[in-house]
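Read-outs throughout are calculated quantities, based only on the coordinates presented, and are distinct from any laboratory measurement. Since we're looking at a predicted model, the values are computed, not measured. Note that each Cβ is placed from the backbone with ideal geometry, even for glycine, and that neighbours are counted across all protein chains shown.
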Amino acid sequence: MEWKLELIRSCFNEEDADAILSIPLSLHRSKDRMIWAKTPCGKYTVKSAYRLAYEENRDGGKADCSNPSARKKVWKGLWRMNLPQKVKHFAWKACRDILASKEALRQRHIAVEGGCVLCGDSMENIIHILWFCAHAKEVWASSKFTFPFNIGPNCSFLHVMEKLQRHQESQPGLTERFVSVCWGIWKERNVVRTSGMGKPGRITLKNSLGLMDEYQMAEGPRKPAAVIPETIRWKPP
Ligand SMILES: [Zn+2]
């Protein structure tokens, strides 16, 4: 079974179509069904929705990260990045761990076969695809970027973003370059999944940084946040 590529491309915008096409189809021809990701059984309960709303409200984002104020900073920094909207959306989804890697789909009770699309490793989660996969390693090796911290197999994308933003001043632009390259690797993974044809890592790198450069040249440098004048409150005489 395969996705109807042309039909999906004609019905959805590029980003949504890519997201749909990145979902591997089950080999068992099981019926489509709706799944609620916040309960182990996949069924919606008011209690789980209440918990989700409470956590979102409390943390301003994903609930299982250690420091709520640091996390708020990540969201703020993420949406302020001087990158195309679709790349920022990708980063947001990666932070929320809602990109359709095989591991993420399994956690949502969707039956998917096999391991990593690119290297065959048994664990295809987002940090594997973007960092530990053979293809990702090839891309990063050709980038010559130096990261001021280690990325371990148990790191989440959110955690990496948090660390990158902490080093923003000493390494300006590294977060944007990192996110752009990750986006390129994710795109490449989806191309290989649908067409089976892959590009060398250095081409993935060149294309993703090229897109970033082109965007930033057209947009100009990111303006500093506007200073909001202090509100003068009326006081009784
Ligand atoms: Zn892999």
So what is the 222 nm mean residue ellipticity for the chain from helices alone, if each DSSP H run of at least 4 adds -39500 (n - 2.57) and you divide by all residues, rounding to the nearest 500 deg cm²/dmol? -16000 deg cm²/dmol
Along the Cα→Cβ direction, 7 angstrom out, place labels at N150 and C11. What is the inter-label distance in nm? 4.7
Pairs over 19 Å Cα to Cα, from K38/K93; K88/K199; K102/K163; K4/K88; K38/K102, come to K88/K199; K102/K163; K4/K88
Specify the residue with the greatest mean-square fluctuation among D32, D121, D97, computed from a Gaussian network of the chain linking alpha-carbon atoms under 10 Å apart. D32
Can you tell which of K31, K72, K102 shows the greatest fluctuation in a Gaussian network model of the chain with Cα springs below 10 Å? K31
Cα centroids of segment 91-155 and segment 172-202: how far apart, whole angstrom? 11
For segment 126-143, just list the computed ³J(HN,Hα) in residue order, Karplus coefficients 6.51, -1.76 and 1.60, θ = phi - 60°, integers in Hz, with x standing in for Gly and Pro. 5, 6, 5, 4, 8, 9, 9, 5, 4, 5, 4, 4, 5, 5, 5, 5, 7, 7
From largest to smallest, what semi-axes in whole angstrom does the chain give when each is the square root of 5 times an eigenvalue of its alpha carbon gyration tensor? 32, 26, 18
